[in-house]
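Structure first, then comments.
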Amino acid sequence: MTKIYDKAAKLFEIPEIALPFMHLFLNDEECRMLEVMERRDYSPAELCTVLSDITSAPETFIGKAYSRGVLSKSPHGCETWYAPATFYVRLAFFAQYEPQLWARVPVAERADIDEWYVEQYMNGAKPRLEAALHGDAFIENASFYTLQETLDLIDSFDFEPYVVPCNCKSVAMNCEKPRNVCMLFGRGINSEWDRGHGRALTKDQAKELTRRADRNGLMHTSEKATAVCSCCGCCCYPIRASKRLGAKGVWPMRRYLIHWNANKCVDCGRCVAVCNFGAFQRVDGKIIFDEKACWGCTICSSNCPTGAISTEKIKRDAAPAAL
Ligand code: SF4
Ligand code: SF4
Ligand code: SF4
């Protein structure tokens, strides 16, 4: 690694485990740009001047670097300026939109980087979760919703969503469940949409995507009109962080109890296939339900063909702040 790359690596906050793969995450020109920019904001004109020694088409270069999550935007009065992003920001875009490069990182090293990422995410989420539970903020993936509630939620929004590849599944790659399922609404600076990603959906398309996700064993989570997520238990960073923080039942907020009526069960195994936490299992050919393992996501109920799994809304004195 050259000196210039060492400096760029430090400025971009690349963890040691990812350094051997730095050439996959950043191209030469981006490394040179990061070195010159240091860690401060630039107006577009100033950045174009800085980049004139690095590229003959600075504006196009800036657009690409922003799209790739190498640069971020920052508001400056009525202007929008640019600042270097960090490896943490870049990693999600890299895995989502350049999966063939991410797959070139060997499995063991990818797992180490994923482990670093989940720790970083968890540390950042902890104060947000505490603030959300005190009603002072909101947290992403605040609550589980039933299939029907999610469809109603989509209908209730004043604006239409766009779909992007799920960043958790793209980074973690722990399962083969559908990835193109993450529905977002934000279109402001630093959103995926503003960076040139995403496919606009009509509400009907969004609802069909949600039904398909449900059939594929993906759980519905959402918060204040910023996203409707379809999550698995093995990749989802909020759920993995929640496990580490001991926040099961609180984040995503559990809103339903699950009741299983063995008399109505025909042993089809759909609940076993969709449950992300092994709460339903087949043992010696028979279905069993372990209530303690259940997170209350409700997708077993929407997938049960005989109505053997029912839900009961949990009554709370006051609605939890995170809802
Ligand atoms: S929160 Fe869920 S849908 Fe959203 S990116 Fe993560 S796993 Fe995907
Ligand atoms: S999905 Fe319903 S019918 Fe099928 S095994 Fe599970 S509880 Fe029984
Ligand atoms: S058993 Fe619990 S965790 Fe598993 S699918 Fe049903 S509601 Fe979700």
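The values are calculated or read from the model by the stated rules, or taken from the named source; none is laboratory data. In this text, all values refer to a predicted model and were calculated from it rather than measured experimentally. Using ideal geometry, Cβ is built from the backbone for each residue, glycine included, and neighbour counts are taken over all protein chains shown. Keep in mind that these areas ignore ligands, DNA and RNA; they rest on the heavy atoms of the full protein, side chains included. Shrake-Rupley method; radii C 1.70, N 1.55, O 1.52, S 1.80 Å.
I need a count of the residues in region 247-269 that are within 16 Å of ligand 2 (Cβ to nearest atom) and either charged (D, E, K, R) or crowded, with 16+ Cβ neighbours inside 10 Å (or both).
Kept after step one, since they are within 16 Å of ligand 2 (Cβ to nearest atom), are these residues of region 247-269: 256-269.
Subset that is either charged (D, E, K, R) or crowded, with 16+ Cβ neighbours inside 10 Å (or both): 256, 258, 260, 264-265, 267.
Qualifying residue count, region 247-269: 6.
Do you know which of the residues in region 155-180 that are crowded, with 20+ Cβ neighbours inside 10 Å and touching a Pro at 6+ places or on another chain (Cβ under 7 Å) is nearest to Arg199 (Cα to Cα)?
Arg179
Mind checking whether some residue in region 170-191 is more than 24 Å from Arg68 (Cβ to Cβ) and under 12 Å from the mean Cα position of the chain (by Cα)?
For region 170-191, residues more than 24 Å from Arg68 (Cβ to Cβ) and under 12 Å from the mean Cα position of the chain (by Cα): absent.
Would you please list the contacts, defined by Cβ atoms under 9 Å and residues six or more apart or on different chains, that run from a residue in region 124-151 that is closer than 14 Å to Trp251 by Cβ and without any contact (Cβ under 8 Å) to a residue 40 or more places away in the chain to a residue that is part of a helix (DSSP H, G or I) and open to solvent by 80 Å² or more (accessible area, probe 1.4 Å)?
Close Cβ pairs satisfying both conditions: Ala137/Arg128; Ala137/Glu130.
Kindly establish whether Phe93 is in contact with a Lys or Arg (Cβ under 7 Å, 6 or more places away or on another chain) and assigned to a loop (DSSP other than H, G, I, E, B). Don't jump to the end; show me each part of the working.
Details: in contact with a Lys or Arg (Cβ under 7 Å, 6 or more places away or on another chain): yes; assigned to a loop (DSSP other than H, G, I, E, B): no.
So Phe93 does not fit the description; no.
For Phe87, work out the one condition from (1) free of Cβ contacts under 8 Å to residues at least 40 places away in the same chain; (2) outside the structural domain of Gly188 (by TED's automatic domain parsing); (3) under 30 Å from Ser242 (Cβ atoms); (4) not acidic (Asp, Glu) it doesn't fulfil.
(1)
From the list Leu51, Leu26, exactly one residue is touching a residue at least 40 places away in the same chain (Cβ under 8 Å) and out of contact with any strand residue (DSSP E or B) (no Cβ under 9 Å at 6 or more places or on another chain). Which is it? Can you show your working first?
Working: Leu51 fails: touching a residue at least 40 places away in the same chain (Cβ under 8 Å).
On inspection, the qualifying residue turns out to be Leu26.
Hey, could you check region 61-72 for residues that are touching a residue at least 24 places away in the same chain (Cβ under 8 Å) and farther than 20 Å from Ile14 by Cα and say which is surrounded by the most Cβ atoms within 10 Å (Cβ to Cβ)?
Here the residue is Phe61.
Run down Ala8, Ala45 and say which single residue is in a helix (DSSP H, G or I) and within 29 Å of Ala103 (Cβ to Cβ).
Values: Ala45 fails: within 29 Å of Ala103 (Cβ to Cβ).
When all the criteria are applied, what remains is Ala8.
Can you tell me which residues in region 181-198 are part of a loop (DSSP other than H, G, I, E, B) and either open to solvent by less than 60 Å² (accessible area, probe 1.4 Å) or within 16 Å of ligand 2 (Cβ to nearest atom) (or both)?
Taking region 181-198 first, the residues part of a loop (DSSP other than H, G, I, E, B) are 181, 185-198.
Hits for region 181-198 are Val181, Phe185, Gly186, Gly188, Asn190, Ser191, Glu192, Asp194, Arg195, His197, Gly198.
Within region 223-246, which residues are more than 10 Å from ligand 1 (Cβ to nearest atom) and either open to solvent by less than 10 Å² (accessible area, probe 1.4 Å) or not in a loop (DSSP other than H, G, I, E, B) (or both)?
Selection gives Ala241, Ser242, Lys243, Arg244, Leu245.
When the residues of region 199-222 are narrowed to those that are more than 15 Å from ligand 3 (Cβ to nearest atom) and among the small types (Gly, Ala, Ser), which ends up surrounded by the fewest Cβ atoms within 10 Å (Cβ to Cβ)?
Filtering region 199-222 down to residues more than 15 Å from ligand 3 (Cβ to nearest atom) leaves 199-212, 222.
With the extra rule that they be among the small types (Gly, Ala, Ser), the set shrinks to 200, 206, 222.
Working: Ala200: 12, Ala206: 22, Ser222: 22.
Filtering first and then ranking leaves Ala200.
Exactly one condition in (1) part of a helix (DSSP H, G or I); (2) of a type outside the set (A, V, I, L, M, F, W, C); (3) touching a helix residue (DSSP H, G or I) at 6+ places or on another chain (Cβ under 9 Å) is false for Asp204; which is it?
If we test Asp204 against (1) part of a helix (DSSP H, G or I); (2) of a type outside the set (A, V, I, L, M, F, W, C); (3) touching a helix residue (DSSP H, G or I) at 6+ places or on another chain (Cβ under 9 Å), just (3) comes out false.
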